[in-house]
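**Q** Once you've had a glance at the structure underneath, I'll fire off some questions.
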Amino acid sequence: MPNQDLTIAATFEGQKNFFASGKTLALTVRKTQLKKLKELLQANEERLYEAVYADFCKSKFDTYTTEIAILYQEIDEAISHLSSWAKTQKVSTNWVNFPAKSFVMKEPLGVSLIIGAWNYPYQLLLAPAIAAISAGCSAVLKPSEQASASSALMAELINQHFDPGLLRVIEGGISETTELLTLPWNKIFFTGSVRVGRIVYEAAAKNLVPVTLELGGKSPAVITEDCNLNMTVKRLVWAKYLNAGQTCIAPDYVMVHQNIAEDFINAMRKEIKKESFSIENGNYVQIINNHNLTRLSRLLENEHAAIGGSIDEKARVIEPTVLYPSSFQSKAMQEEIFGPILPVIVYDQLETVVDQINEAPKPLAAYIFTSKATTQDYFLTKVSFGGGAVNDAIMHISNSALPFGGIGNSGIGAYRGKAGFDCFSHAKSILQKSTLIELNLKYYPHTPGKLNWIRRILKMS
Ligand code: NAD
């Protein structure tokens, strides 16, 4: 199936040689390549929209706002800030080393493998690629085979316009990725499920390759009694049903205070109706494949859908659905949902909610809707999660000043903006000694007098 004129082994060797030649290093070259990528995307925007529409009927509006605009922003930011990000940083020197200078250099990690997920096919593959180019690395990009039209288009565009030594798309599924993972990369950046994240981490360990794992999980949204209910529901509905819930940081489930639970459900019903989610309206998408459609439809078996619940198998569409009242024992609470189904669990005490979230694997995102600063502080300090928002959901990803990544089961490392540059860089620490003088204290013979001096000096540092 994949159309590849270079083998995986030849691509890897080519990138190793290209990187070793130093061609990726100059900041001017990195900026030129980033600019070229932006121009390539701009020139092919319509084709990018068509391909992702062919994959799962995602609209031009959503593709621009959730994928293309983010890529342009990442490129522009990298071009403007690259010089300062890449600059060698002077740091202080301790007395023991006097006279000397100390500094930290930013060294590109080298030949990188970037593996993407299908749900935001352009953003999830190319945002790490932008970070890799910025840091002076080369990269092989492996898009998800599940979004096959987007994957084929990225392969066509990148492989026609970039030197394969710098950037190369290798299409394929499990067998191609398995082969790629056997190679001694200098960096692996993976976006996808926890299950495959484990496979990637194990393979990387064999060659001691540093990894960034951008994984998933069950991200909670907690709706307190004192929230602004209308605003909460408006933002929550948008965040949950964007991309039909196929978003790694979509609110996976809701915990709502018992005193406002009924009002919350009624407001959700109204808001979902008002939004009229449909593919024709351009604010809804298909479930990516039949496998996921079947998986999601099983989550609805024996559950009470207070809103929605119908499935159009032929069209691969599931109506925006709210399961209420739900519980931690329900089927939908046993795995990451990754679809337009929202279990709503009622709570009484926030302390119990915090304990319940903390008992589960650490989520990629968490959201608290409250008007009280004390509640906000309590939640943010007590619950461990990758990142999130107060009184909103998903939108934290739009701010590239916020490093994006998980913790524990939801991932290792972070990227976006400067965090992306750092993710593909090694901080090389250098002590630069003067040859003018040398304190002889560390050399033999080790006398009590020398030890006294060492104690005095170390107190000073
Ligand atoms: P996935 O793990 O099935 O696939 C991701 C990539 O791994 C694909 O490129 C695929 O070809 C490859 N792959 C699949 N099986 C493999 C195997 N056995 N060996 C080697 N490679 C394999 O994930 P997906 O279905 O594409 O995406 C959904 C998951 O990704 C969800 O869990 C979601 O939360 C997560 N996700 C995370 C982020 C994030 O930024 N943290 C973003 C998007 C999606």
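The values are calculated or read from the model by the stated rules, or taken from the named source; none is laboratory data. What you see is a predicted model, and the numbers here were worked out from it, not measured in a lab. Note: ideal-geometry Cβ built from the backbone for every residue, glycine included; neighbour counts use all protein chains shown. What goes into the accessible areas is simple: the full protein's heavy atoms, side chains included, and nothing from ligands, DNA or RNA. Shrake-Rupley method; radii C 1.70, N 1.55, O 1.52, S 1.80 Å.
**Q** Which residues, counting only those in segment 116-134, are buried (at least 23 other Cβ atoms within 10 Å of the Cβ) and of a type in the set (S, T, N, Q)?
**A** If the condition is that a residue be buried (at least 23 other Cβ atoms within 10 Å of the Cβ) and of a type in the set (S, T, N, Q), then ASN119, SER134 are the ones that fit.
**Q** Report those strands (runs of 3 or more DSSP E) wholly inside segment 106-196 carrying at least 3 residues which are within 12 Å of the ligand (Cβ to nearest atom) and under 17 Å from CYS423 (Cα atoms).
**A** 111-115, 187-191
**Q** While we're looking at this one, here's another question. Can you give me the number of residues within segment 420-461 that are touching a Cys at 6+ places or on another chain (Cβ under 7 Å) and modelled with pLDDT under 90?
**A** Total satisfying the criteria: 0.
**Q** Further, regarding this structure: If you take the residues in segment 92-115 that are small (Gly, Ala, Ser) and open to solvent by less than 10 Å² (accessible area, probe 1.4 Å), which one is nearest to THR24 (Cα to Cα)?
**A** GLY110
**Q** Can you name the residue in segment 285-317 that is within 16 Å of the ligand (Cβ to nearest atom) and of a type outside the set (A, V, I, L, M, F, W, C) and, of all such residues, is most open to solvent (accessible area, probe 1.4 Å)?
**A** HIS291
**Q** Taking into account only those residues within segment 197-242 that are small (Gly, Ala, Ser), farther than 29 Å from THR352 by Cβ and surrounded by 16 or more Cβ atoms within 10 Å (Cβ to Cβ), which is farthest from the ligand (Cβ to nearest atom)?
**A** ALA204
**Q** Name the pairs: first residue in segment 432-455 and open to solvent by 90 Å² or more (accessible area, probe 1.4 Å), second residue in a strand (DSSP E or B) and of a type outside the set (D, E, K, R), Cβ to Cβ under 7 Å, at least 6 apart or on different chains?
**A** So the pair list comes out as GLN432/ALA100.
**Q** Before we move on, is LEU208 within 16 Å of the chain's Cα centre (by Cα) and of a type in the set (A, V, I, L, M, F, W, C)?
**A** no
**Q** Next question, about the same structure. Answer yes or no as to whether ALA221 is outside any strand (DSSP E or B), at pLDDT 95 or above and among the aliphatic types (A, V, I, L, M).
**A** no
**Q** So which of TYR347, TYR367 is in contact (Cβ under 8 Å) with a residue 40 or more places away in the chain, within 16 Å of the ligand (Cβ to nearest atom), buried (at least 17 other Cβ atoms within 10 Å of the Cβ) and under 22 Å from ASP263 (Cβ atoms)?
**A** TYR367
**Q** List, please: which pairs have Cβ atoms under 7 Å, are six or more places apart or on different chains, and start with a residue in segment 404-431 that is near the ligand (Cβ under 10 Å from one of its atoms) and end with one that is assigned to a strand (DSSP E or B) and among the polar types (S, T, N, Q)?
**A** TYR415/THR212
**Q** Step by step: first the residues of segment 409-420, then only those that are under 15 Å from CYS248 (Cβ atoms) and open to solvent by 20 Å² or more (accessible area, probe 1.4 Å), then the one that is farthest from the chain's Cα centre (by Cα). Which residue is that?
**A** Only one residue fits best here, namely ASN409.
**Q** Inside segment 172-193, can you point out the residues that are in contact with a Leu (Cβ under 7 Å, 6 or more places away or on another chain) and farther than 14 Å from ILE115 by Cβ?
**A** ASN186
Matching residues to (1) open to solvent by less than 40 Å² (accessible area, probe 1.4 Å); (2) closer than 15 Å to GLN160 by Cα; (3) touching a residue at least 24 places away in the same chain (Cβ under 8 Å):
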| residue | (1), (2), (3) |
| --- | --- |
| GLY14 | yes, no, yes |
| ASN17 | no, no, yes |
| LYS23 | no, no, yes |
| LYS31 | no, no, yes |
| LYS35 | no, no, yes |
| GLU39 | no, yes, no |
| ALA43 | no, yes, no |
| ALA51 | yes, no, yes |
